[in-house]
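The structure appears below as structure tokens.
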Amino acid sequence: MSRAASPHRTPLWRDRAFGTYWIAQSLSAAGDAFAYLAVPLLVLQATGSVAQMGLLTAVAGAASVLAGVFGGVLVDRYDRRTLMIIADLARLVLYALVPLAWLAGPQVWLLFVVLPICEAAGMLFQVAAVTAVRNLVDSDRLTEANGRLQATFAAAAVLGPLLAGVVSARFGPSVAIAVNAASFALSAAGLRLIRLRPVQAADAAPVTRQRPVAEFLAGARFLWRQPVLRALTVLLSVFIFLTYGFTDVLIYHVRHDLGGTDGTVGTVLGLAALGTVAGALLVAPLRRRRGFGATWIGAHAVCGFAVAGVGLVTSVPAVTALTAVYLCCLSIGGICSMSLRQEITPDHLLGRVTSAFWSTHYALGPAGAVILTWTAGRYGVPAVALVAGAGCLLVAVGGLFTPIRRAGAEPALRPPGLQPAPAGGTISG
């Protein structure tokens, strides 16, 4: 599975292909941070309803899950770089429609059309982006590469919401969405400048076209027959159900309960994103020292305490600090599981395994967002945060009774249950 390591390899920050990819995606992430704040604010300003925010999140999430079913098939069939460029250009056009339409006044219905399509394109992009890293760096550098990418994305996310809050307060959230649209043009231009490595012979498989559903199920079978990946999928499905609407609830809490402005919301999200930066920088050393299992379980346990705490504290600085802790641990857990999939999955199956993983554990997210935001509007944020936090803690406890707990300190050693499939794609029990 691993490519031979050169004793004099170029450091990642000096690798031209990876560096160009890194910069392009960081610019796109900075733009995404604008929409991350601006879309909920548009709905909140037009309707005043946290439940409407949750409904939009749910509809968009459902479109993302449906796209994930076939996204992996497309990624494994076609050129990954080309698919990413197409997804960027589609989102550029669609997001640009929002500020144009808003010139005539609030058009909330348009968000229910544009956002689901953009989320579907985003899912295709993310599946391709995860698999593309495998074609940019050696297998033994995947955790380092993912950590660097996520750290930079998070750094962009720090500045993004801060600027988005200022832009939204001064010019309106629709202008912030226009900035996001422009970022996709920069990302597409950067992707045009790189070339991905060809698939190595050990990872290649004969090209056999089947029905899309059958090809998707090949990824799902691989996922289900790997004990650690199977346990991760089940537990993350519960975790996503509990937290998918967390951002909507957080924005509502700051604006409604704590009396903050659009600028306050941007400051909270921007400063809290420093937690994602910290998590991305900490994940590689933590995983080397503590092992995959302890790192993943510990991160999700702390997430539970942080979510519960957000609903209990009554000051903006305390909410910001706890959200930063939550994002830090979310980053650690997410990078761990992403790197594990990349390390143990054959290249010809990586897109389908990634899409099966995301489609499955995100499937409950839309329903969770609707329930979480509706409950927050009816019963208040403190009660919802306590229940969600307790559920997250139970997810971590559940990990102690699965193969996740025994996953070793160095995934390259491949503990039992983490053997890659043969090149032909047949999975043994």
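Taken together, the values in this text are just the output of simple stated rules run on the coordinates, not laboratory data. Small disclaimer: the values here were computed from a predicted structure and weren't measured. Using ideal geometry, Cβ is built from the backbone for each residue, glycine included, and neighbour counts are taken over all protein chains shown.
Pop the C-beta distance of Leu100 and Arg225 into the FRET formula with R0 = 45 Å and round what comes out to the nearest 0.05. Taking R0 as 45 Å, the efficiency between Leu100 and Arg225 is 0.40. In order along region 47-56, the phi-based Karplus estimate (6.51 cos²θ - 1.76 cosθ + 1.60, θ = phi - 60°) of 3J(HN,Hα) comes to 10, x, 10, 6, 5, 5, 4, x, 5, 5 Hz; Gly and Pro are listed as x. Here's the picture: charge each Lys and Arg Cβ at +1 and each Asp and Glu Cβ at -1 in region 250-403, and of Pro403, Val313, Trp374 the one pushed furthest to the positive end of that dipole is Pro403.
Can you give the FRET efficiency for Leu386 and Val234, using 1/(1 + (r/R0)^6), R0 = 22 Å, r = Cβ-Cβ distance, to the nearest 0.05? Spell out each step's value before the answer.
Numbers: r = 24 Å, r/R0 = 1.07.
Once rounded, the FRET efficiency stands at 0.40.
Approximating the spin labels as points 7 Å out from Cα along Cα→Cβ, the Ala17-to-Val93 distance works out to 3.0 nm.
When you count, for each residue, the other Cβ atoms within 10 Å and take the mean per peptide, how do 169-182, 104-117, 391-404, 325-338 rank with the highest first?
Taking the mean over residues of other Cβ atoms within 10 Å, the ranking is 325-338, 169-182, 391-404, 104-117.
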